[in-house]
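Take a look at the structure below.
The values are calculated or read from the model by the stated rules, or taken from the named source; none is laboratory data. Keep in mind that this is a model prediction, so the values were computed, not measured. Quick reminder, even Gly has a Cβ in these numbers, built from the backbone with ideal geometry, and neighbours come from all protein chains shown.
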Amino acid sequence: MALTYLGLLAVTFFIGRVIPVDPALAIVGDRAPEHVVQRVREELGLNEPLPVQFAMYVGKALKGDFGTSVLTSQPVWQDILKTFPATFELATCGILIGAGLGIPLGVWAAVRQGGWADHLVRVVGLMGYSVPVFWLGLMALVLFYAKLDWVGGPGRIDVAYEYSVTRVTGVLLVDAALAGEWEAWRNAFSHLVLPASLLGYFSLAYISRMTRSFMLNELAQEYVVAARAKGLPESRIVWRHALRNAAVPLTTVVALSYAGLLEGSVLTETVFSWPGLGLYITNSLQNADMNAVLGGTIVVGTIFIGLNLLSDLLYRSLDPRTRERS
């Protein structure tokens, strides 16, 4: 894990040095005098040899110091703390939809292999892989927001409720519930439904496909044949035996899907003007704010590493064969 994180820092450091953007000029501007530019370069350590710069970069990153954002003039870490709760809220709702529907659909398709249910689930998954997320998001906004007025529009909450909720966790649904502002809660939920459903659909497409594959493998095992020969109910064989064994590799699939949503679904957050990490990184990249881009990238990589570690730890509780014997 430590080596992986060190590799992540090395990659981001290399990217920050090869791109044609001078960090000093990004801070002081193109019209700043040369002596001012050189002074900033010295303060940033850009005149040091690359190994020294990398050591300084790693030291600051381990302390959570990603520099100052040129776009907001705030420390990057503070910007990330402000934007990440929005992404966390959206991604968590998305993975609950994706896993909550994708796993049962995948099991259903495996049990009905070759039937109409199997073909239906595979077509739904294929559409999730094929349809561009930005196009589907725009069409959903036109239909459910502009035409039918069933859900809230872009953003997290209407302006009328923006300052009625005290931010405690940064997750609007939780903060509104803690404050007892149920009108604001319903408004925030109406804004969340569409982007969360969109992300949930794309997660569902991947999770249902992988669940089907894992379940087909388990249903072909000898212990399933033996269970059927003993006369056990089919539902018990599928849900208590086959799915339990399939849950071991499926844990990694769900964890990686969740990590992919937590990294900041750039297109979804852009289409729905969702002020999360993905939109923050996108705006920073468009304004050549490399401190913010690299800081956000490190956070994304850390999320992937952490969720991979968590899935490995869950293996021990799901699969007794991986536990150490005393």
Only one residue in ALA146, ALA196, ALA176 is within 30 Å of LEU216 (Cα to Cα) and either outside the structural domain of ARG236 (by TED's automatic domain parsing) or outside any loop (DSSP other than H, G, I, E, B) (or both). Which one?
ALA196
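Tell me whether the range 26-38 contains one or more residues that are of a type in the set (Gly, Ala, Ser), touching a residue at least 60 places away in the same chain (Cβ under 8 Å) and surrounded by fewer than 18 Cβ atoms within 10 Å (Cβ to Cβ).
Of all residues in the range 26-38, those of a type in the set (Gly, Ala, Ser) come to 26, 29, 32.
After this cut, where a residue has to be touching a residue at least 60 places away in the same chain (Cβ under 8 Å) as well, the list is 26.
Okay, now just the ones that are also surrounded by fewer than 18 Cβ atoms within 10 Å (Cβ to Cβ), so 26.
Scanning the range 26-38 turns up at least one residue that is of a type in the set (Gly, Ala, Ser), touching a residue at least 60 places away in the same chain (Cβ under 8 Å) and surrounded by fewer than 18 Cβ atoms within 10 Å (Cβ to Cβ).
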Are any residues in the range 247-280 hydrophobic (A, V, I, L, M, F, W, C), under 19 Å from ALA292 (Cβ atoms), in a helix (DSSP H, G or I) and modelled with pLDDT of 85 or more, and if so, which ones?
LEU277, LEU279
Among (1) on the phi > 0 side of the Ramachandran plot; (2) buried (at least 18 other Cβ atoms within 10 Å of the Cβ), the one test that ILE157 misses
(1)
The conditions are (1) touching an Asp or Glu at 6+ places or on another chain (Cβ under 7 Å); (2) without any contact (Cβ under 8 Å) to a residue 60 or more places away in the chain, and VAL171 fails exactly one of them. Which is it?
(2)
Filter the range 58-79 for residues that are assigned to a helix (DSSP H, G or I) and out of contact with any Leu (no Cβ under 7 Å at 6 or more places or on another chain) and give the result.
GLY59, LYS60, LEU62, VAL76, TRP77, GLN78, ASP79
Flag if LEU285 is in contact (Cβ under 8 Å) with a residue 12 or more places away in the chain and in a helix (DSSP H, G or I)
no
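So, in the range 155-194, of the ones that are among the hydroxyl-bearing types (Ser, Thr, Tyr) and within 23 Å of ALA140 (Cβ to Cβ), which residue ends up nearest to the chain's Cα centre (by Cα)?
Initial filter on the range 155-194 (among the hydroxyl-bearing types (Ser, Thr, Tyr)): 161, 163-164, 166, 169, 190.
Next, from what is left, pick out any that are within 23 Å of ALA140 (Cβ to Cβ): 161, 190.
Working: TYR161: 27, SER190: 21 Å.
If we take residues in the range 155-194 being among the hydroxyl-bearing types (Ser, Thr, Tyr) and within 23 Å of ALA140 (Cβ to Cβ), then SER190 is nearest to the chain's Cα centre (by Cα).
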